[in-house]
Amino acid sequence: MTDYYELRIEVPGHIGMRSVVDRGARPPIVSSLHFVFDGWGGDEILTSFPVFLVTESLAATFSERGFTGAEMGSVEVEKSRQISVLQPLCELPKFLWLKVTGDHKDADFFITRNQHLGVSPRALAAILETNPQTLRYRLYDEGTSSREWN
């Protein structure tokens, strides 16, 4: 049996007004994504419920290694006034939308029952290679969420 991990990911902004979101669904279903950055700590994997973003570089790593359970999509990115004031020199890399499609029993990416991103050990290793500053993770156990975050 393979262990899987649940991730707590940097939330550097929010879903923008030009997104198309079905908020009547649980969880909400996003069909077009506009993401507004209010700040950025430098991590290459990001979230704002219910979506996930990755840098183009990390997406390429996922593709090269044949990871399953996710597709890449386009995202319209914008900087808010807040990031322009607080981080005026911040240059954002190109980001892609990580559309999670997998089931944890057979994929490298899936959504946990707590609506966090779940990953296989090899996907976690690839993410950790980017030296994330705010990422926390823990072993995923469907029956409990009492484990401590690393």
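If you filter the range 5-34 down to residues that are buried (at least 18 other Cβ atoms within 10 Å of the Cβ), part of a loop (DSSP other than H, G, I, E, B) and hydrophobic (A, V, I, L, M, F, W, C), you find that the one that is nearest to the chain's Cα centre (by Cα) is Ile9.
The set of residues in the range 111-150 being of a type in the set (Phe, Trp, Tyr) and either part of a loop (DSSP other than H, G, I, E, B) or within 13 Å of Leu58 (Cβ to Cβ) (or both) consists of Tyr140, Trp149. Only one of Asp38, Asp108 is surrounded by 13 or more Cβ atoms within 10 Å (Cβ to Cβ), at pLDDT 95 or above, within 19 Å of Arg122 (Cβ to Cβ) and of a type in the set (D, E, K, R). Can you tell me which? After ruling out the rest, the residue left standing is Asp108. Mind checking which residues of the range 45-55 are among the aromatic types (Phe, Trp, Tyr) and not in a loop (DSSP other than H, G, I, E, B)? Result: Phe52, single match.
Does Asp3 qualify as being in contact with a Ser or Thr (Cβ under 6 Å, 6 or more places away or on another chain), touching a residue at least 24 places away in the same chain (Cβ under 8 Å) and more than 16 Å from Val100 (Cβ to Cβ)? No, not satisfied. Only one of the numbered conditions (1) surrounded by 12 or more Cβ atoms within 10 Å (Cβ to Cβ); (2) in a strand (DSSP E or B) is violated by Leu58, and that is (2).
Take Glu78 and tell me if it is farther than 20 Å from Thr130 by Cα and charged (D, E, K, R). Yes. Restricted to strands (runs of 3 or more DSSP E) entirely inside the range 64-110, those with at least 1 residues that are under 16 Å from Pro50 (Cβ atoms) and within 12 Å of the chain's Cα centre (by Cα) are 70-73, 95-100.
The values are calculated or read from the model by the stated rules, or taken from the named source; none is laboratory data. Remember, it's a predicted structure, so these values are computed and weren't measured experimentally. Here the Cβ is made from the backbone with ideal geometry for all residues, glycine too, and neighbour counts use every protein chain on show.
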